[in-house]
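The structure appears right after this line, and notes come after that.
The values are calculated or read from the model by the stated rules, or taken from the named source; none is laboratory data. Fair warning: this is a prediction, and the values are worked out from it, not measured in the lab. Backbone-built Cβ (ideal geometry, glycine too); neighbour counts: all protein chains shown. Side chains are part of the model used for accessible areas, which takes the heavy atoms of the whole protein and leaves out ligands, DNA and RNA. Shrake-Rupley method; radii C 1.70, N 1.55, O 1.52, S 1.80 Å.
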Amino acid sequence: MTVSLGLPALPPPVLAPRRKTRKIKVGSVDVGGDAPVSVQSMTTTPTTNINATLQQIAELTATGCDIVRVACPTNDDAEALPIIAKKSQIPVIADIHFQPKYVFAAIEAGCAAVRVNPGNIRKFDDQVKEIAQAAKDHGTSIRIGVNAGSLDPRLLAKYGKATPEALVESAVWEASLFEEHDFHDFKISVKHNDPVVMVRAYELLSERGDWPLHLGVTEAGPAFQGTIKSATAFGALLSKGIGDTIRVSLSAPPVEEVKVGIQILQSLNLRPRKLEIVSCPSCGRAQVDVYSLAEAVTEGLEGMSVPLRVAVMGCVVNGPGEAREADLGVASGNGKGQIFVRGEVIKTVPEHDIVATLIEEANRLAAEMGEPEDDASAGAPVVTVS
């Protein structure tokens, strides 16, 4: 008889310890300090369309989004904020540009936080004292959002363009103004559309203070390009422990931003991994259609949220080893597949039964493991090419 000693499981390895930052609150979500790295997105609906905006927020929440931002360019948008902030299940950040009066309107509306862009808010520096006091009175946090595309003209004249140093100088100056008025509940972003410039800016900024940092590659592009740029930049920074909350900016539905953000964090062990499908890229040795097998298994297991590793392999070189190392796997060839469960071959099935068998065994293992309670962050399975 085996007796469990009840030893705690070791935490998953990470590439570097998290940078020590101050912790702030964005509504119910902690950002910075020892809080998990959170995932943000932004609605694409007109904020004045309250029902459509709340519907999109609900979809983002179900996908695993932690914090949502809504645009507030007009007075009608500002008037919609109280209802949206009250009815949203996740904290709402109001995104303010140009008109400083909307900063105060968003704070009064009960938004969890306000994003301000110092480069294009009229006479912003002159109003920091009043903004800081209003935010302090209402328990509202601030994001100082410096963007390459809207940098202060004085800094553009000084540096010639939006260099990492220019972005950081803007951010540090604005941070000092808030701190001068004893306001510390803010995080900072220094976004650029070039991942190399963006990474360097955050590296420099992380050396200047303990502010929590919001990572983002701005105007990253269409889904494929934007995913690559964001994953590259975020991976470079998060692997060094830099970054407390992230937003993947894509020219795609906001739900896709959240899915990509979650997968980036899972790949770095900064968020618990869920279903992961390992599949070979196929080659001349493959004796089955690995592409179709992997796609069919991925589709069949979509929505499964337990931490299960499934290997779909197509030849005898790496197949048995990868399948044996996974929780569940198949090594295919010669019109059949060997099904592995936790390192042991449990059966051999004809090729046309491989997908159904894997799905059946995956569901059986998931039932044994138990689904996490109310876990909305599962999303689509991770597909890893071996």
### Query
Pro118 passes all but one of (1) buried (at least 22 other Cβ atoms within 10 Å of the Cβ); (2) under 28 Å from Ala166 (Cα atoms); (3) in contact (Cβ under 8 Å) with a residue 40 or more places away in the chain; which number fails?
(1)
### Task
Take the residues in region 153-192 that are touching a residue at least 60 places away in the same chain (Cβ under 8 Å) and of a type in the set (D, E, K, R), then tell me which one is least open to solvent (accessible area, probe 1.4 Å).
Lys187
### Within region 307-359, tally of residues that are open to solvent by 20 Å² or more (accessible area, probe 1.4 Å), in contact (Cβ under 8 Å) with a residue 60 or more places away in the chain and out of contact with any Pro (no Cβ under 9 Å at 6 or more places or on another chain)
5
### Task
Pull up region 255-278, narrow it to residues that are open to solvent by less than 10 Å² (accessible area, probe 1.4 Å) and either touching a helix residue (DSSP H, G or I) at 6+ places or on another chain (Cβ under 6 Å) or in a strand (DSSP E or B) (or both), then point me to the one that is nearest to Phe224 (Cα to Cα).
Val258
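Results for (1) modelled with pLDDT of 85 or more; (2) over 16 Å from Gly300 (Cβ atoms); (3) small (Gly, Ala, Ser), shown as yes or no for each residue.
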site	(1), (2), (3)
Gly321	yes, yes, yes
Val330	yes, no, no
Gly333	no, yes, yes
Gln338	yes, yes, no
Ile346	yes, yes, no
Val355	yes, no, no
Pro381	no, no, no
Val385	no, yes, no
### Task
All but one of (1) in contact (Cβ under 8 Å) with a residue 24 or more places away in the chain; (2) open to solvent by 40 Å² or more (accessible area, probe 1.4 Å); (3) out of contact with any Pro (no Cβ under 8 Å at 6 or more places or on another chain) hold for Ala220, so report the exception by its number.
(2)
### Matching strands (runs of 3 or more DSSP E) fully within region 16-94 where at least 3 residues are surrounded by 22 or more Cβ atoms within 10 Å (Cβ to Cβ)
38-42, 67-71
